[in-house]
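The values are calculated or read from the model by the stated rules, or taken from the named source; none is laboratory data. As the structure is a computational prediction, the values presented were derived from the model and not from experiment. For neighbour counting, all protein chains shown are included, and Cβ atoms are generated from backbone atoms with ideal geometry for every residue, glycine included.
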Amino acid sequence: MATVLDSVRALFAPNTTFTIDAETPADVVARENLLDRVMGPDRRKKSSEKIRRGRVPAEGLALVARDAHGHVVGTVRLWSVEAGIAPDGQAIEALLLGPLAVDGAHEGKGIGGALMRAAIAEAHKRDHGAILLVGDAAYYERFGFFADKARHLVMPGPFERARFLALELKAGWLEGAAGMIVPSGRKLA
Ligand SMILES: CC(C)(COP(=O)(O)OP(=O)(O)OC[C@H]1O[C@@H](n2cnc3c(N)ncnc32)[C@H](O)[C@@H]1OP(=O)(O)O)[C@@H](O)C(=O)NCCC(=O)NCCS
């Protein structure tokens, strides 16, 4: 059956085609090399990494961008988390997005935006309620992410409040959400 991703193809510049695709096991080495190049060795010290470590991404929410030759030039993954608790004491299920990265040689061609829009569409289709991330508001606000929605939530480690952003996929999903983000996704075998 065709998925949202099957139909997400973007033409960014004349004669240059990028495809947004589901990540496969064959992409893992290229994705890790890309992240090392783009984000540097300190990327594993981030608070977000504590949530990702030892877990697999949420079902269907590990995406790559490929160039015309099939090489991985961009990556984004989303992770299942509990985003604190609601006023009624129930844990709130959500997604944590990251890392998002695009190969330096291909920056500014719309690949990051295409990855973000595909990830949001797929999360919506899979009935998730909200997405959180830590990143530059100046970049992520264009996709609907704002700090206000995450104001009573905290990451499990140092983070900058102004960079802790959220997008509700279902209106009011994070209303009253307060507490720490903890991983809830499937553990790595
Ligand atoms: C941020 C990143 C994913 C953007 O990818 P991209 O493919 O270049 O993005 P797009 O082509 O879709 O968008 C480019 C636009 O975003 C803007 N932009 C890029 N990074 C930005 C930032 N940190 N803050 C504000 N705007 C930013 C560019 O100036 C450009 O603006 P324009 O459209 O007005 O010219 C990429 O630059 C990257 O991998 N950076 C290093 C890793 C990183 O910071 N990841 C995000 C944190 S998890």
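Scanning region 3-18 for residues that are at pLDDT below 55 and either buried (at least 16 other Cβ atoms within 10 Å of the Cβ) or touching a Ser or Thr at 6+ places or on another chain (Cβ under 9 Å) (or both) yields V8, R9, A10, L11. Among the residues making up region 93-120, a single one is surrounded by fewer than 17 Cβ atoms within 10 Å (Cβ to Cβ) and away from the ligand (no atom under 11 Å from the Cβ): E93.
Against the numbered list (1) without any contact (Cβ under 8 Å) to a residue 12 or more places away in the chain; (2) part of a strand (DSSP E or B), G70 comes up short only at (2).
Here's the yes/no breakdown for (1) part of a loop (DSSP other than H, G, I, E, B); (2) modelled with pLDDT of 95 or more; (3) within 22 Å of D21 (Cα to Cα); (4) hydrophobic (A, V, I, L, M, F, W, C):
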site: A83; (1), (2), (3), (4): no, yes, no, yes
site: G89; (1), (2), (3), (4): yes, no, no, no
site: G113; (1), (2), (3), (4): no, yes, yes, no
site: A138; (1), (2), (3), (4): no, yes, no, yes
site: L167; (1), (2), (3), (4): no, yes, no, yes
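The residue that is farthest from P87 (Cα to Cα), counting only those in region 142-156 that are surrounded by fewer than 13 Cβ atoms within 10 Å (Cβ to Cβ) and in contact (Cβ under 8 Å) with a residue 24 or more places away in the chain, is R142.
Evaluating I131 against the criteria (1) within 11 Å of the ligand (Cβ to nearest atom); (2) outside any helix (DSSP H, G or I) leaves one unmet condition, (1). Of all the criteria given as (1) within 15 Å of the ligand (Cβ to nearest atom); (2) hydrophobic (A, V, I, L, M, F, W, C); (3) buried (at least 17 other Cβ atoms within 10 Å of the Cβ), the one not satisfied by A123 is (1).
Checked against the criterion of being closer than 21 Å to G135 by Cα and away from the ligand (no atom under 16 Å from the Cβ), the candidates S48, S80 yield just one match: S80.
Counting only residues that are surrounded by 13 or more Cβ atoms within 10 Å (Cβ to Cβ), in contact (Cβ under 8 Å) with a residue 12 or more places away in the chain and not basic (K, R), region 19-66 holds 23 of them.
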